[in-house]
Amino acid sequence: MALRHWITLAVLVLLAVMPPVFIWMGNPFYVDLATRLVILGIAATSLNLILGYGGLISFGHAAFVGIGAYAVGIPAYHMLYGGGEAVASFNGMFQIPLAVAVSALFALITGAICLRTKGVYFIMITMAFAQMVYYFFISIEEYGADDGLVIDMRSQLPFIELDEPLQLYFFCYASLIAALLIVRTIANSRFGMVLQGAKGNNERMVTLGYNTYLYKLTAYVISGAMAGYAGALLGNFTTFISPEMMDWSRSGELMFMVILGGAATTLGPLMGSAVFIIIEEVLSNYTIYWHLPFGLMLIAVVLFARGGLMGVIGRGRDGK
Amino acid sequence: MSAELEISGLNKSFGGIKATDDINLAVTANELHAIIGPNGAGKTTLISQLIGSLRPDTGRIVFRGRDITRMPAHARARLGITRSFQITSLVMEMSVLDNVALAVQARDGHSFRFLRPARAVAHIREAARGYLEQVGLGPRADAPTVALSHGEHRLMEIAIALASEAGLMLLDEPMAGLGPEESALMVALLKQLKGSRTILLIEHDMDAVFALADRISVLVYGHVIATGMPDEIRFNHDVRHAYLGEE
Ligand SMILES: Nc1ncnc2c1ncn2[C@@H]1O[C@H](COP(=O)(O)OP(=O)(O)OP(=O)(O)O)[C@@H](O)[C@H]1O
Ligand SMILES: [Mg+2]
């Protein structure tokens, strides 16, 4: 087995074992941290499908996460305070599919437009759509505008009690495993080959007869839907949502995680999320300018360690 | 004999430059039709319009009786038109075999298949290996594309064009930048293909052109000034004056 497979295994085992140990040691704070890591890992993994494998520099991914979180918060809000009969619900079996469906639809509509553009225009227009959602929620007084919305009740699911930190954690952990497998399977499939081919040389793929626009749009929708799912988990974890979750800097952070960890690698985005969370935790105790070292690290990775952390690990032993 | 490809009244300008100037040309099924002409004559521009990456300003392109003038590039490929690129155009990040496999996969139904690993689809991989062997790149199949030489990249272009199993191959200077041995290999390869499909060959190497072509058209300043058998072209006064005489 190659080194990177051992590392993948080690990371996933560690993530399964550590949280119960933290609880047993009476340190629930670290379970919170692990939960946040796993949720960010899912969001970054979903971004990796389009950014890493598709080469689509989408700068608006946090919008999908935010939409997913509001899809939990808004139904719960109406359940408590009335109105909105069509969506009012505490049921996770309704909220989570709603989060996935709405973010997929948003991805379909915006992707259809964004993917008509290329390069820096694509970056700008994905960002513009995300900011549009940001300002949309800021303008809605009923859902707390820029103060945000407290989710008074977590999603109700059969067999799982999300109010239990460890159960919430393992629900997220299982979702992460699923997300990693989904993106990995898609990347290696015939669809994934076309997507990666179009990233490397779009004109060649068109000449071969592939309508690359449709392939990219499909990837964009899958990616958006997965990010919406991550958003539903995030809403349940923080029990609070605000437009700030969709700010462009949040999208930038997700991009950092993917590139730092290693774009177009299975585990890279999760590794990037881990580094992000560690830096954030450690440095934010000392300085409010903790973003700065993170930016410097990213520049170092881009300049000296192409392929990110996973690239460095891979080169150590297998020459790839 | 039926016309496989009919170009009529084709025009394309870039600003003030008329890159395609009222081109009328009929290419017969299974002929090897060479297009020669000085640098900047508009040869690549013509191919780009035939393949669909450039829109002509006016005129019509008919392939097998079907008007394809406004058809998107990917749809033309599905009808059986392929091109090779004058400037090598491959997916450098992928292996040699992956590049060819993508061409095989393209005509194996749609690729909205998400589950099975593409590299485990035996019939695609084996077919792709076959095309690589045909151009002599069999031993290089698993190498990363970036690791290959310029000559090998040119051969990959041909392997990919072959893998498309297209009825009409548009080859844009396949011998550009090749050494004498590699050129000879390429000529032998094209000789093998000749007769089994329609080939529009753009080439500066006159020895290769006269050795291979059934007919030749001469393009100067975007306009076809002559079309004929190799010998007619060789001794055509206008051609000698406008083009061959310069060499
Ligand atoms: N995209 C473009 N924009 C503007 N001008 C162009 C463009 N493409 C080609 N041209 C011009 O059109 C003319 C024909 O170019 P083209 O590349 O078709 O020539 P060619 O016959 O293929 O030449 P070569 O033998 O050098 O490959 C040239 O004058 C070129 O500068
Ligand atoms: Mg040219």
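The values are calculated or read from the model by the stated rules, or taken from the named source; none is laboratory data. Just so it is clear, the model here is predicted, and its values are computed rather than measured. We place every Cβ from the backbone using ideal geometry, glycine too, and count neighbours over all the protein chains shown. Side chains included, ligands, DNA and RNA excluded: accessible areas come from the protein's heavy atoms. Shrake-Rupley method; radii C 1.70, N 1.55, O 1.52, S 1.80 Å.
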- Within a 10 angstrom radius of each residue's Cβ in B:99-111, how many Cβ atoms of other chains show up on average? Whole number is fine. 5
- Query: In Å, what is the Rg of the alpha-carbon atoms in region B:1-128, and how long is Dmax?
  - Reply: 17.4, 52
- At a Cα cut-off below 12 Å, give the aspartates and glutamates reachable from B:Lys191, other chains included and same-chain residues fewer than 8 away excluded. B:Glu31, B:Asp214
- Interchain or long-range residues, amide H under 5 Å from B:Val224's placed H: B:Asn24
- Task: Find the accessible area per residue for region B:99-236; the probe is 1.4 Å, ligands and nucleic acids are left out, and the unit is Å².
- Result: 41 Å²
- Which residue fluctuates the most in chain A, going by a Gaussian network model with Cα springs under 10 Å, if the choices are A:Leu166, A:Leu49, A:Leu195? A:Leu166
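Ignoring ligands, DNA and RNA, how much accessible area is buried between chains B and A, both sides summed, with a 1.4 Å probe, to the nearest 100 Å²?
Summing both chains' loss of accessible area gives about 2700 Å².
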- Message: Compute a Gaussian network model of chain A, connecting alpha carbons closer than 10 Å, and tell me which residue from A:Ile42, A:Ile96, A:Ile23 fluctuates the most.
- Response: A:Ile23
- Message: As an exercise, use a Förster radius of 56 Å and the Cβ-Cβ distance of A:Ala174 and B:Leu79 to find the FRET efficiency, rounded to the nearest 0.05.
- Response: 0.75
- Query: How many Cβ atoms of partner chains, on average, are near each residue of B:121-128 if near means within 10 Å of its Cβ?
  - Reply: 1
- Query: How fast does the protein assembly as shown diffuse by Stokes-Einstein, in µm²/s, taking the Kirkwood radius from C-alpha pairs at 25 °C and 0.890 mPa s?
  - Reply: 93 µm²/s
- Task: Quick one: which residues, 5 or more positions from B:Thr69 or on another chain, have an amide H under 5 Å from its amide H? H modelled 1.01 Å from N in the peptide plane, none for Pro or chain starts.
- Result: B:Ile61
- Item | Highest-MSF residue in chain B out of B:Pro144, B:Pro72, B:Pro117 [GNM, Cα springs under 10 Å] | B:Pro117
- Give the long-range amide H neighbours of A:Thr266: residues separated by 5 or more places, or on another chain, with amide H under 5 Å away, using H modelled in the peptide plane at 1.01 Å from N. none
- Using a cut-off of 25 Å between alpha-carbon atoms, which lysines can reach B:Lys12, once sequence neighbours fewer than 8 places away in the same chain are excluded? A:Lys118, B:Lys43
- Message: Accessible area of region B:81-166 with a 1.4 Å probe: how many percent of it is carbon plus sulfur?
- Response: 57 percent
- Message: Apply the Karplus curve 6.51 cos²θ - 1.76 cosθ + 1.60, θ = phi - 60°, to the phi angles in region B:81-90 and return the couplings in whole Hz, x for Gly and Pro.
- Response: 10, 9, 9, 10, 9, 4, 9, 2, 10, 10
- Task: Just name one of A:Trp24, A:Ile113, A:Gly307: the one whose Cα is farthest towards the positive end of the charge dipole of chain A (beta-carbon charges, Lys/Arg +1, Asp/Glu -1).
- Result: A:Gly307
- Restricted to the protein assembly as shown, the DSSP antiparallel beta bridge percent, nearest 5, is 55 percent
- Taking the simple approach of a point 7 Å from Cα along Cα-to-Cβ for both A:Ile182 and A:Val120, what is their distance in nm? 3.5 nm
